[in-house]
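Worksheet: one structure, shown below.
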Amino acid sequence: MTKIVLAAREVRKHYGGVRAVDGFSCELQEGRLIGLIGPNGAGKSTLFNLLSGAVKPTSGSIELAGEPVAGMRPDQFSRRGAARTFQNIRLFKRLTILENVLAGFHQSSDLSLLRGVLGLSSYQRGSADVLERAGALLEAFGLYAKRNELAVHLSYGDQRRLEIARAMASQPRLLFLDEPAAGMNAYEGQQLVELIRRLWEENTQLTVFLIEHDMDVVMKLSQEIFVLDSGRLIFHGTPEEVRGSDVVREAYLGGDLDA
Amino acid sequence: MNALRKYALPLLVVLALLFPLVVTNAYYQRIGVMSCIFAIVASSLGLLVGQVKLVSAGHAAFFGIGAYTSALLTTKAGMPFLVGFAVAIVLSGLVGFLFSVPVLRLKGHYLSMATLAFGIVAQMVMLNWEGLTNGPNGVPGIPFASLFAFELNTDVRMFYFTFALLALLLWGLSRLYRSPVGLTFQLIREDAVAAATLGVNVTRYKVTAFTLSAGIAGLGGSLFAHYMAYINYDTFYPLESFMLLAMVVVGGMYSLFGPVLGAVLLTAVPELLRGLADYRMLIYGVVLVSVLLLRPQGILSGRPKHLELRPKEGAKR
Amino acid sequence: MLILEQWINGLALGGVYALIALGFTLIFGVLKLFHMAHGDVFMFTGYIVVSIVVFAFGGLPFFVVLLIAMAVASLLGMAVERVAFRPYRQSDEIIPLISGIGMSLILQNLALLIWGPGQINYSFNVGIGNVSFGGIQITGIRLVILAASIVIVLIFNYWLYRTRTGRAVRATAADPQTASMMGIRPELIILLTFGVGSALAGAATALVGALYGAIYPALGFSMGLKAFAASILGGLGNMTGAVVGGLLLGVLEVFTASYINVAYQDAIAMGIMILVLLIRPNGLLGKAVEDKL
């Protein structure tokens with residue numbers, strides 16, 4: 001039997017009278033590559049914020065690896081294996097590429113705050129292997145040569161990749177990618193798809209959950225797809241099933257599936 | 001240029017060590033001591049503002065708590081200096097901790113307002129709790145600082161003592177800023193939300209920074225009290241907090257030495273231009289506004305030296 | 001009967017706080033900026049008005065003094081905006097905060113150099129004597145202050161909610177990008193906001209002048225603090241909140257002074273501010289707003 005990484009039951013998020021997410025339930029299995037689609041304003045990003053702990057739900061339960069986490073802080077979600085990227089990239093702009101990735105290793109290097117303050121822990125000693133692992137990760141993402149540049153100076157595509165690298169550094173069991181290919185040209189997008197697939201294949205236990213507007217990308221990557229509309233789950237199935245679904249077609253009416 | 005950078009620090013240290021030997025004028029030596037003390041306090045604020053982006057607009061309160069603690073323990077309770085000094089650090093750190101735990105939930109401007117209000121309340125306590133602080137009369141007759149039997153009863157001795165403490169502090173801070181903890185501070189400064197999603201317990205780190213900073217400010221306060229021999233509430237008014245902020249921003253808040261430079265400049269220059277004594281505070285204001293306009297990152301714009309990974313032997317490119 | 005007198009005194013003082021707080025909160029609403037020199041604009045205006053009105057002309061009718069004060073404050077406020085805040089629209093929010101502190105130091109110490117450190121005493125003639133009815137005595141000045149505050153707040157309200165420019169200001173406060181797409185020029189609106197917000201402080205200058213007849217350089221800082229406290233009490237960016245907060249603060253201060261101790265008057269204001277920040281950071285009238293990403 002496969003393990004359930006994340007289980008959500010009747011998760012709701014209301015902003016005033018607006019029901020951004022209105023009762024979402026799902027079970028995500030370990031090692032899957034899962035897509036989340038839906039028309040604009042369907043509540044996809046809000047759902048990601050809820051499931052990754054950035055925003056607290058109005059009601060409903062969320063379990064990460066069997067442990068109830070709804071209402072906890074984002075860092076507690078992170079400690080239980082969740083990691084994410086943001087739709088509007090949020091890098092540490094005035095820090096270097098290397099430091100951005102080291103940020104992802106926070107949990108491995110953050111052994112004791114007191115020791116750190118007293119100057120008893122440093123990247124050179126004790127947690128030295130963190131530096132090495134960060135270097136390896138940068139190489140895997142093709143960012144090693146630029147490691148000492150400030151994040152703010154990176155190209156758009158590199159920023160997206162760095163954000164994923166940073167998330168991977170925290171060794172997540174569940175990785176949320178919020179429109180990873182947004183704003184990229186076809187070639188960059190293609191490369192990114194390859195990168196995500198490679199990441200996922202190399203980390204057999206990693207579950208990837210991604211929002212993507214580009215239907216080609218989602219259909220190519222995902223093993224299963226959740227379709228959201230007006231804050232509700234309207235369909236769940238394989239890419240083929242989604243393609244054939246009238247409900248989904250209906251939701252996108254006015255827009256189009258190829259958009 | 002590189003050579004200059006490499007030798008700048010040792011050169012500065014040597015110059016500073018020679019300073020009280022070459023400059024024998026007591027007035028200038030006094031400025032030297034005050035510069036060191038304010039460099040310590042400004043550095044404590046630099047840790048908050050430049051590393052974690054917590055703008056405390058009431059830092060004079062912690063400076064004052066340190067000064068009063070040390071002054072009262074040595075005068076009223078007859079404790080030796082070192083005890084007063086240690087308790088000053090611990091107590092102002094503790095007050096900083098107790099204040100920061102509830103207040104650090106606030107962000108940006110709201111936090112600044114809360115710290116400003118705290119500074120004002122703290123000064124009112126110094127003024128009105130007459131039984132403890134002598135109220136408006138202040139605390140006179142504070143003994144010299146002393147290291148056991150060795151009294152720091154001259155400007156020269158006090159200069160070396162404060163300078164040594166400043167050097168020690170900067171050494172510690174430079175290690176801290178480059179450590180995993182320092183990096184975490186900077187993550188919070190850059191984007192607290194993103195930091196939290198990577199597992200950073202933001203509040204815990206902010207409280208740590210605040211406690212540490214308040215303790216260091218208290219250390220500066222203790223030195224100040226024992227050097228001046230007399231303190232009253234008037235030194236710890238809200239404008240003093242603003243001047244500390246000015247030192248940090250003018251010198252360069254992201255840099256380790258920025259607050260030090262700012263403290264030395266804003267302490268020494270107005271004193272040296274004695275003819276302009278009346279314009280002192282005006283100069284502070286003008287310098288603050290114009291430095292922001294011309295160099296928003298301050299005079300020293302560098303940041304703590306990067307962590308570097310050297311290219312590995314045979315590493316693929 | 002004493003209680004009733006104190007209520008009126010408190011409300012008069014509160015009316016003045018409300019005017020300053022209203023300007024402060026308006027500026028915050030539009031720019032999301034703490035105008036740290038707002039109180040100093042108030043103070044500096046006071047000196048200019050006293051110099052012009054009392055020493056140069058003397059005997060001007062009070063409402064002329066009021067208008068002059070509003071005009072002076074308005075110009076001063078716009079000048080401060082250009083120098084201290086305009087350059088930092090894109091900067092981190094702490095930069096304009098600190099720049100405002102710099103501006104506050106400049107204004108305070110300019111006043112100190114020009115007019116000296118001591119207190120200057122003067123009097124504005126408001127043209128109404130003391131009023132007494134049913135055994136209570138109220139100075140005419142307090143009545144004028146109350147009436148003037150009410151009228152000014154009503155006019156301000158009309159301007160903000162019923163006129164085209166007022167709507168433009170609110171649109172800019174709510175969503176600068178959309179507002180500018182609709183043809184509103186944000187820079188103009190910001191300047192206007194500072195003009196109007198500072199004019200409110202200027203009105204307060206004239207009224208406080210009539211009440212106390214005294215001015216000194218540090219007055220601006222302490223008035224600024226009252227404005228921060230009143231705005232936070234009512235909820236930052238909330239106009240009604242600023243008025244309610246100001247009135248509440250005025251009444252509280254008068255009662256503290258008469259029943260507890262004058263020395264704690266300011267400490268109470270600050271203490272309340274900390275408390276409100278901790279318990280209801282969005283103010284007594286503010287709605288709980290959740291952070292969005």
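Rule-based calculations on the coordinates, nothing more; no lab input. Keep in mind that this is a model prediction, so the values were computed, not measured. With ideal geometry, Cβ positions are generated from the backbone for all residues, glycine too; neighbour counts draw on all protein chains shown.
Computed values, structure above
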| read-out | value |
| --- | --- |
| Dipole in debye (nearest 20) - the range C:2-279, about Cα centre, beta carbon charges: Lys, Arg +1; Asp, Glu -1 | 600 debye |
| Among beta bridges that DSSP assigns inside chain A, antiparallel share in %, nearest 5 | 55 percent |
| Two-decimal log10 I(q)/I(0) for chain B, as the Debye equation yields it once each C-alpha is a single scatterer, q = 0.09, 0.11, 0.13 Å⁻¹ | -0.46, -0.69, -0.96 |
| Additional length obtainable on full extension of the chain from B:L12 to B:A77, 0.36 nm per residue less Cα span | 19.4 nm |
| Overall dimensions of the range C:2-279 as given by Cα atoms, namely Rg and Dmax in Å | 18.3, 60 |
| Mean shadow area of the range A:124-211, taken as a quarter of the surface of its Cα convex hull (nm²) | 6.3 nm² |
| Amide H partners (placed H, <5 Å) of A:Y15, local residues excluded | A:A20 |
| Exposure proxy order (Cβ contacts within 10 Å, fewest to most) of C:F228, B:F210 | B:F210, C:F228 |
| Convex hull per residue volume in Å³, alpha carbons only, for chain A | 143 Å³ |
| Options C:I189, C:G29, B:M34, ranked by Cα towards positive dipole end of the protein assembly as shown, top entry (Cβ charges) | B:M34 |
| 3J(HN,Hα) from dihedral phi, the range B:25-30, Karplus parametrisation 6.51/-1.76/1.60, rounded to Hz, x for glycine, proline | 5, 4, 4, 5, 4, 4 |
| Pairwise centroid distance, computed over Cα atoms, of the range C:112-162 with the range C:1-71, Å | 8 Å |
| Cα-Cα pairs of the range B:27-68 separated by more than 16 Å (percent) | 44 percent |
| GNM top mover of B:G78, B:G302, B:G131 - chain B, alpha-carbon springs below 10 Å | B:G131 |
| Within a Gaussian network of chain B (alpha carbon springs, distance under 10 Å), most fluctuating of B:Y27, B:Y233, B:Y284 | B:Y27 |
| Cβ-defined net charge surrounding B:V287, 15 Å radius [Lys, Arg +1; Asp, Glu -1] | +1 |
| Inter-probe distance in nm under a simple model that places probes 7 Å from Cα toward Cβ, at C:Q90 and C:A174 | 2.8 nm |
| Estimated FRET transfer efficiency when R0 is 22 angstrom, pair B:L168-B:R280 (beta carbons, to 0.05) | 0.15 |
| Percent of beta bridges antiparallel (DSSP, the range A:159-244, rounded to nearest 5) | 50 percent |
| Euclidean distance between Cα centres, the range A:1-57 to the range B:188-211, Å | 25 Å |
| Choice from C:S123, C:S198, C:S91 with maximal GNM fluctuation in chain C (Cα, 10 Å cutoff) | C:S91 |
| Residue order, fewest to most surrounding Cβ atoms within 10 angstrom, among B:T162, C:T178, A:T204 | A:T204, C:T178, B:T162 |
| Nearest 10 degrees, 0 to 90: helix C:2-31 Cα axis against chain C principal axis | 20 degrees |
| Cα→Cβ-extended label distance, 7 Å offset, between A:T2 and B:L272, nm | 7.2 nm |
| Total lysine pairs under 30 Å (Cα atoms) in chain B, excluding pairs fewer than 8 apart on one chain | 10 |
| Separation in nanometres of the label points that stand 7 Å from Cα toward Cβ, at A:A145 and B:T154 | 6.2 nm |
| For the protein assembly as shown, the fraction of alpha-carbon pairs in successive 10 Å shells from zero, as % | 2, 11, 19, 21, 19, 14, 8, 3, 1, 0 |
| Per-residue ³J(HN,Hα) for the range B:166-172, Karplus 6.51 cos²θ - 1.76 cosθ + 1.60, θ = phi - 60°, Hz, x for Gly and Pro | 4, 4, 4, 4, 5, 4, x |
